[in-house]
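What follows is a short report on a single structure.
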Amino acid sequence: MPVLSETGMEFTRLVVLELVPGEVYAHACGDAEWIVLPLSGACEVRCPAGPGAEPAVSGRGGVGEGPAGSFRLRGRASVFDGPTDFVYLPRDGHADIATAGGGRFALVGARCERRLSPRYGPADAVPVELRGAGQCSRQVHNFAAAGAFDCDRLIAVEVLTPGGNWSSYPPHKHDEHHPGEESRLEEIYFYEIAPHDGTPGVGYQRVTPSPAGKTDVLAEVRSGDVVLVPDGWHGPSIAAPGHDMYYLNVMAGPDTTREWLIRDHPDHAWIRGAWTGQEVDPRLPLNRPAPRPEETP
C-alpha cells in the first residue's frame, strides 16, 4: 500500500493512497476532520459514528450507505470524469477504507474543534462551476466548499483546467484576516496532469511573497506533485497545451468563520474586467466519456 503523498501544515492535511485489489487501509482521524475522495476506483468506507458526534446540517445521509457506519463509494475512472461521491469522517474517529478493485484515493483534512457525524456526499449533489472566460476558463467541483457541504474548518474543491489555459488567475491571496474581505487560509495543491498519446504532461505553479509571508515558488508540476501555500499570492496555475490539468485544493485556517474570501493582486486584478464579452472555453465542462468504475467497491 504505497502512500503516494502525505502532507500536513499547521491546519491542513493530505494523504494520497494507491490500494491494490482487496486491500484495506486503516485511518486514524486524530485532531482533524477528513473527507475520503476517490481519484480513481471505488471503495467502501467503514466509520462508526461513536459517541459525541454532532449532527451535520448538510449532506444527504442515507444515500450510498450500507450497514451502520458503512458507506459505499462508486468513485470514478479518473479525475477527468466528473465529480465523485465522497465520505466525511469526524475528528477523533477511525475508518477502514477497503477496495475490491483497487484504486487511488485522497484523504483531505483540517485540524478542527467540533466533532460532526460521518456522512455521505453524493456525486450528483456536487455544485459544478465554470469560472473565468477565454484562456482563463476553468471548471470547479465545489464538493466541500464553505456553502456546499458542512464541515467545521475544512474547505476543499477540485479544479479542471483545459490544456493551454491559466487558472488560479488573477493571482490572489487569503493569508490575513480582514472581516468581510479576506480569510486566513493555508492551502495545499495536489496535481494530476493528463497525458497525451502516452506522453506524461506538465504544468506550472507560481506563488509570490505577500505582506503576510515570504513564500516564493515557481514549480514545474507533474501528476502526484504537491505545492504548499502557507501564505502568499498564488497563481497562475498553467496547463501546458495538449495536457489538461487537475488540482485538488485543501484549505483551512484559524478564523472562527468557515469562509473563502480572497484578495486579488492589485497589479493583475484588471484581468477580470477583460473577460466581459468573452465566451467560456467551449471544451468545458471537461468530463471525458470514460466508463465509471463498477458499483461494487
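The values are calculated or read from the model by the stated rules, or taken from the named source; none is laboratory data. Quick caveat: nothing in here was measured; it's all calculated off a predicted structure. Reconstructed Cβ throughout: ideal geometry from the backbone, glycine too, with neighbour counts over all protein chains shown. Surface areas here come from the heavy atoms of the whole protein model, side chains and all, with no ligands, DNA or RNA. Shrake-Rupley method; radii C 1.70, N 1.55, O 1.52, S 1.80 Å.
Just a few scattered comments:
- Look at (1) assigned to a loop (DSSP other than H, G, I, E, B); (2) touching a residue at least 60 places away in the same chain (Cβ under 8 Å) and you find that residue 223 fails only one, number (2).
- Here is the figure for the stretch 93-106: residues that are open to solvent by less than 10 Å² (accessible area, probe 1.4 Å), among the aliphatic types (A, V, I, L, M) and under 11 Å from residue 43 (Cβ atoms) total 2.
- Evaluation of residue 226 against the conditions (1) more than 23 Å from the chain's Cα centre (by Cα); (2) modelled with pLDDT of 95 or more shows that the sole unmet condition is (1).
- Those residues of the stretch 209-220 which are buried (at least 16 other Cβ atoms within 10 Å of the Cβ) and touching a residue at least 24 places away in the same chain (Cβ under 8 Å), in sequence order: 210, 212, 213
- Subset of the stretch 161-194 (residues that are in contact (Cβ under 8 Å) with a residue 60 or more places away in the chain, open to solvent by less than 10 Å² (accessible area, probe 1.4 Å), under 21 Å from residue 105 (Cβ atoms) and assigned to a strand (DSSP E or B)): 187, 188, 189, 190
- Condition check for residue 139: of a type outside the set (Lys, Arg), at negative phi and open to solvent by less than 10 Å² (accessible area, probe 1.4 Å): yes
- When the criteria are applied in full, residue 75 fails the requirement of being part of a loop (DSSP other than H, G, I, E, B) and either of a type outside the set (S, T, N, Q) or open to solvent by 20 Å² or more (accessible area, probe 1.4 Å) (or both).
- Criterion applied to 158, 129 was being crowded, with 21+ Cβ neighbours inside 10 Å, within 27 Å of residue 73 (Cα to Cα) and acidic (Asp, Glu), and the one residue passing it is 158.
- Applying a threshold of 9 Å to beta carbon distances and a minimum spacing of six or more residues, or different chains, the list of pairs starting in the stretch 122-145 at a residue that is under 16 Å from residue 71 (Cβ atoms) and ending at one that is assigned to a helix (DSSP H, G or I) and open to solvent by less than 60 Å² (accessible area, probe 1.4 Å) reads 143/123; 143/125.
- Residue check for residue 63: closer than 11 Å to residue 34 by Cβ and either at pLDDT below 95 or under 16 Å from the mean Cα position of the chain (by Cα) (or both): no
- Qualifying position, being at pLDDT 95 or above and more than 30 Å from residue 166 (Cβ to Cβ), among 133, 98: 98
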